[in-house]
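What follows draws every value from the coordinates through simple rules; no lab data is involved. Just so it is clear, the model here is predicted, and its values are computed rather than measured. Neighbour counts run over all protein chains shown; Cβ positions are idealised from the backbone, glycine included.
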Amino acid sequence: MIRDIMDLHTHTIASGHAYSTIIEMAQTASEKGLELLGITEHGPAMKGSCQTIYFQNVKVIPRERFGVTTLFGVELNIMDEDGRVDLPEELLPAMDVCVASLHIPCCPPKSLEENTRAYLNVMKNPYVNIIGHPDDPRYPIDLRAVVEAAKEHHVLLEMNNSSLAPTSFRKATTEGYLEFLDLCKEYDQPILMGSDAHVDIDVGNHGYVAEILELAQFPEHLIMNTDMEKVKPYLNYYNR
Ligand SMILES: [Zn+2]
Ligand SMILES: [Zn+2]
């Protein structure tokens, strides 16, 4: 079993299509023995999610509760192949953690070249810490180019547990994951397991991903969830 003390990709009721509060999420994280929780609401371009002013005000929320460090950040929507995102540039340094993701309602899938360019360009943004669910088969990408760029720009690639759930819209496959993980091994590129929880009980749920990591015999030094010290250099919160 892989040691797993963090979950940096979760949503609360503020996202509009998630169902638990900050308190419920932090409490569940604590009960599950996590040390670090990331609350990363969808950016304003996602219909029904919070507006820019929500992200401007996250400074008021305590970061320590129930023995868990809770970071407040954002799951940015990548809006186009230039890697534009849906929060003003000047607000990004205030985000404890920035996940950047492609979502169908905000940037529908295009050609492999265009999807790849969207990731490569967003990774040039110094405040983007994590690429969310790059495992989505609906967005074909040049995996090698994405892994290489993640290495170059010091960005984590997420292995998204929700993408592997049988009920997922994304329907990531084990085969796709194994290919991805092989490239991460080749480039010595770290990964981060994320639950993408939209309800409290899913906090820290990384079971599907953990199974694949074991199957791939993925090296522990590249799995960021095992150790706070490994992940800190990648997150805005610890590098201000
Ligand atoms: Zn969502
Ligand atoms: Zn997402």
Once normalised by the length of the chain, the mean sequence separation of its alpha carbon contacts under 8 Å that are 6 or more apart gives a contact order in percent of 21 percent
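How compact is the stretch 35-112 by the rule of thumb for globular proteins, expressed as Cα Rg over 2.2 N^0.38 Å? Provide the component values of the computation, followed by the final result.
Values: Rg = 13.6 Å, N = 78, 2.2 N^0.38 = 11.5 Å.
Compared with the compact-globule rule of thumb, the stretch 35-112 sits at 1.18.
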Cross-link table Lys32/Lys151; Lys32/Lys232; Lys110/Lys232; Lys151/Lys232, entries beyond 27 Å C-alpha to C-alpha: Lys32/Lys151; Lys110/Lys232
Dimensions (Å) - the chain, Cα atoms, principal axes, largest first: 40, 39, 36
Can you give me the C-alpha center-to-center distance between the stretch 1-64 and the stretch 170-219, rounded to a whole angstrom? 20 Å
Please sort 75-84, 218-227, 156-165 by packing, taking for each peptide the average over its residues of neighbouring beta carbons within 10 angstrom, highest first. 156-165, 75-84, 218-227
With the dipole of the chain defined by +1 on each Lys or Arg Cβ and -1 on each Asp or Glu Cβ, the option from Val231, Ile191, Met159 whose Cα lies farthest towards the positive pole is Val231
Order by protection proxy (mean Cβ within 10 Å, highest first), peptides 127-133, 173-179: 127-133, 173-179
Relative contact order %, the stretch 32-71, counting alpha carbon pairs below 8 Å whose residues are six or more apart: 50 percent
Using θ = phi - 60° and the Karplus curve 6.51 cos²θ - 1.76 cosθ + 1.60, what whole-Hz ³J(HN,Hα) does each residue of the stretch 14-23 get, with Gly and Pro shown as x? 4, 6, x, 10, 10, 10, 10, 8, 4, 4
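Provide the percentage of antiparallel DSSP beta bridges, counting only those with both residues in the stretch 6-238; round to the nearest 5.
On the way: 3 of 27 bridges.
So the antiparallel bridges amount to about 10 percent of the total.
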Under-5 Å amide H pairs with Gln189, H placed in peptide plane, nonlocal only: none
